[in-house]
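Remarks on the structure that follows.
The values are calculated or read from the model by the stated rules, or taken from the named source; none is laboratory data. Values in this document were obtained by computation on a predicted structure and should not be read as measured data. Here the Cβ positions follow ideal geometry from the backbone for every residue, glycine too, while neighbour counts run over all protein chains shown.
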Amino acid sequence: MTRYRVHGLRTDASGKVDYAGGFELDYPNDLWYAAWSGKRIGRNFDAAMGFVPRTGIYSTGLSTAFQPRPGRLGIRQLFFELEPSLVTDLQGRVESWGVFTAPFNAVTESGEHLEWNYAPAFERLDAPFEIQPGVVIPAGSYRWTRFRAEVNTATKRPWVIDAAFRWGSFYSGSLRQYQPSVTLKPSVHVALVLQMERDEGSLPEGDFVTQLFSGRLDYSFSPNARWSNLVQYDSVSRILGFQSRFRWILKPGNDLFVVASRGWFRRSDDAYVPSFDQGSAKLQYTFRF
């Protein structure tokens, strides 16, 4: 399967015209999977209604996987994955590259998932980068290697545990990331999800710790009506946020959304003060002809 796409044509304030475009070539099969993609984003390209993280680049990526089904030892399927990627500027100078590999990735017959990853990477910084307040990584070329171990229990259970741990080098130092999650499903209507992420960076330029906590409570009145509530706090913005969303599927393609949000900022004395209040409603209707 091959797809070609042109993202758009824009003129910036200087009058220069530029474009972004790309392609995808897929070979989706159960035993062997392969996909190749590439794109060009012009230096003067303006996404207008969208967003691009970087302009003036060529990027290409290859995704391959060998996915046998051994049918023994309680293993349903194995995934041996290799995903190299490369980003250069328009003159061909390398800006970044990465190689994601999954030497071990298995799903058991009971639905459990176990995975281990190895991912070397490179990035060139043309300007200093402030990764955290007061922690500035100097311009230069950096090469590091990251590892990940992940365990997920079967989603069919009334309780689900997901845990991921990432470690290894990072720019000029090291970074450890902890991501535990617990899902409780006391009934077919209710799901409670508790998640946490903690990042511990150790760099010559300084150490930092960031944390993200979230809790979600979902209630399904029926397959067509769902009420979701999310509470989240992160240590970088120091914002405690709450969002409540109701979705009603009138019929496939026709949806009603009602959303209410509120946020509080955590001051240095640990007091929380109101930060924002928002509310919105959207009716989505699809015409077929």
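Computed quantities for the displayed model
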| read-out | value |
| --- | --- |
| Test: residue in segment 13-22 that is in a strand (DSSP E or B), hydroxyl-bearing (Ser, Thr, Tyr) and modelled with pLDDT under 90 | yes |
| Selected residue [closer than 23 Å to residue 160 by Cβ and among the hydrophobic types (A, V, I, L, M, F, W, C)] from 104, 80 | 104 |
| Residues satisfying the stated conditions in segment 53-95, i.e. surrounded by fewer than 15 Cβ atoms within 10 Å (Cβ to Cβ), under 25 Å from the mean Cα position of the chain (by Cα) and more than 30 Å from residue 154 (Cα to Cα) | 53, 54, 94 |
| Residue satisfying all of: in segment 257-287; part of a strand (DSSP E or B) and among the aromatic types (Phe, Trp, Tyr); surrounded by the fewest Cβ atoms within 10 Å (Cβ to Cβ) among these | 276 |
| Within segment 120-142, considering residues that are touching a strand residue (DSSP E or B) at 6+ places or on another chain (Cβ under 7 Å) and in a loop (DSSP other than H, G, I, E, B), the one surrounded by the fewest Cβ atoms within 10 Å (Cβ to Cβ) | 134 |
| Of all residues making up segment 210-238, the number that are under 20 Å from residue 136 (Cα atoms) and either modelled with pLDDT under 95 or among the hydroxyl-bearing types (Ser, Thr, Tyr) (or both) | 4 |
| All positions within segment 215-240 that are over 24 Å from the mean Cα position of the chain (by Cα) and among the aromatic types (Phe, Trp, Tyr) | 219, 221 |
| Selection from segment 194-214 of residues that are over 18 Å from the mean Cα position of the chain (by Cα) and surrounded by 16 or more Cβ atoms within 10 Å (Cβ to Cβ) | 201, 203, 205, 208 |
| Candidate set from segment 166-191 (those that are among the aliphatic types (A, V, I, L, M) and farther than 27 Å from residue 135 by Cβ); member that is surrounded by the fewest Cβ atoms within 10 Å (Cβ to Cβ) | 188 |
| Lone qualifier among 155, 145 - being surrounded by fewer than 17 Cβ atoms within 10 Å (Cβ to Cβ), of a type outside the set (A, V, I, L, M) and not in a strand (DSSP E or B) | 155 |
| Index of the failed condition, residue 236 passing every other in (1) assigned to a strand (DSSP E or B); (2) more than 30 Å from residue 186 (Cα to Cα); (3) touching a residue at least 12 places away in the same chain (Cβ under 8 Å) | (1) |
| Extreme residue, farthest from residue 112 (Cα to Cα), among residues of segment 23-52 that are over 23 Å from the mean Cα position of the chain (by Cα) and at pLDDT 90 or above | 27 |
